[in-house]
């Protein structure tokens with residue numbers, strides 16, 4: 001499941017901050033797809049109960065169809 005989102009300055013900034021922090025911890029970690037990488041994030045993290053994730057998934061799936 002994925003969301004169709006538009007690029008926004010806030011998302012670009014978040015990606016840059018994340019990459020900077022990862023570099024500080026792990027150093028350079030080049031990958032073959034760095035040039036055409038599309039930022040993505042898993043939302044099913046954080047310790048909520050399964051039912052919460054299932055509801056979120058169901059709602060996103062319904063919105064994705066419309």
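Of everything listed in (1) at pLDDT below 75; (2) surrounded by 10 or more Cβ atoms within 10 Å (Cβ to Cβ), the single unmet condition for residue 13 is (1).
The single condition from (1) modelled with pLDDT of 80 or more; (2) not in a helix (DSSP H, G or I) that residue 21 fails is (2). Can you tell me which residue is modelled with the highest pLDDT among those in the range 41-56 that are surrounded by 10 or more Cβ atoms within 10 Å (Cβ to Cβ) and closer than 26 Å to residue 13 by Cα? Ranking the qualifying residues of the range 41-56, first place goes to 56.
The values are calculated or read from the model by the stated rules, or taken from the named source; none is laboratory data. A quick note: this is a predicted structure, and the numbers were derived from the prediction, not measured. Note that we place each Cβ from the backbone using ideal geometry, even for glycine, and neighbour counts take in every protein chain shown.
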